[in-house]
Amino acid sequence: MTATDANAAEEHSPADKATAENATTENAAHPRFAEALQELGLDEVTERIRRFPDATRTAAEAAAAIGCELSQICKSLIFAADGVPVLVLMDGASRVDVELVRRELGAEKVTRAKVDLVRETTGYAIGGVPPFGHRTRTRVLADRSLLDHDTVWAAAGTPHAVFPMDPKSLIAHAGGTLVDVREQTA
């Protein structure tokens, strides 16, 4: 490798390479999510959506495809609190502490939502649920860990598409309440 080749390689981040090699923004977002972006006046986000040929259903797959830290992925997880759906936004490197969610909501019981409830509530398949633009209005809890980054990446309505946004804006557009519901490691 020549000095020029080495300098050129250093000028491009993994995210730039992923964008150039794997992503396209044409028809990247789910139509419902694209419509939500338009209704919220977030048309510029549409231009930053990245679509990948391989699925980015898990936080690890998304982080690898984007070239970012696992904690920069914003997971959109649906739980059932006393049978009522609630969305929890959590960084990709962490797990939700269901007991903390239960206490935060004052619920008797909180469980992970079944596949059909996720689809019915959000209008999206698991692995592609965005933080907003859902079929129904749902209570949203956003873990503070998302604020540890300048930019986070979230699903754009399909398991193949993601978008970047600053976490404060993402939480605001989702109508989220900031909470501490991250599982603490011993």
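The values are calculated or read from the model by the stated rules, or taken from the named source; none is laboratory data. Everything quoted here is computed from the prediction, not taken from an experiment. Note: ideal-geometry Cβ built from the backbone for every residue, glycine included; neighbour counts use all protein chains shown. Accessible surface is based on the protein model in full, side chains and every heavy atom, while ligands, DNA and RNA are left aside. Shrake-Rupley method; radii C 1.70, N 1.55, O 1.52, S 1.80 Å.
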Considering segment 62-108 alone, what residues qualify as being of a type in the set (Val, Ile, Thr) and at pLDDT below 95?
ILE66
Which of the numbered conditions does THR111 fail, given that it passes all the others? Conditions: (1) under 25 Å from GLN38 (Cα atoms); (2) part of a strand (DSSP E or B).
(1)
If you check ASP54 against the conditions, is it more than 19 Å from HIS160 (Cα to Cα), at pLDDT below 90, surrounded by fewer than 16 Cβ atoms within 10 Å (Cβ to Cβ) and within 19 Å of the chain's Cα centre (by Cα)?
no
Conditions (1) in contact (Cβ under 8 Å) with a residue 40 or more places away in the chain; (2) at positive phi -> THR58 fails only (2)
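Looking at segment 11-27, is at least one residue part of a loop (DSSP other than H, G, I, E, B), open to solvent by less than 90 Å² (accessible area, probe 1.4 Å), modelled with pLDDT of 60 or more and farther than 15 Å from CYS68 by Cα? Walk me through it before giving the result.
Of the residues in segment 11-27, the ones part of a loop (DSSP other than H, G, I, E, B) are 12-13, 23-27.
Still in the list and also open to solvent by less than 90 Å² (accessible area, probe 1.4 Å): 13, 23-25.
From what's left, modelled with pLDDT of 60 or more: none.
No, there is no match, as no residue in segment 11-27 is part of a loop (DSSP other than H, G, I, E, B), open to solvent by less than 90 Å² (accessible area, probe 1.4 Å), modelled with pLDDT of 60 or more and farther than 15 Å from CYS68 by Cα.
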From the list VAL179, VAL162, VAL101, VAL110, which residue is out of contact with any Gly (no Cβ under 9 Å at 6 or more places or on another chain) and within 23 Å of PHE52 (Cα to Cα)?
VAL162
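Is it fair to say GLY106 is among the small types (Gly, Ala, Ser) and within 28 Å of GLN38 (Cα to Cα)?
no
Only one residue in THR177, THR111, THR151, THR158 is of a type in the set (Val, Ile, Thr), under 12 Å from the mean Cα position of the chain (by Cα), modelled with pLDDT of 95 or more and open to solvent by 20 Å² or more (accessible area, probe 1.4 Å). Which one? Please lay out each step first, then the result.
Values: THR177 fails: under 12 Å from the mean Cα position of the chain (by Cα); THR111 fails: under 12 Å from the mean Cα position of the chain (by Cα); THR158 fails: modelled with pLDDT of 95 or more.
Among THR177, THR111, THR151, THR158, only THR151 is of a type in the set (Val, Ile, Thr), under 12 Å from the mean Cα position of the chain (by Cα), modelled with pLDDT of 95 or more and open to solvent by 20 Å² or more (accessible area, probe 1.4 Å).
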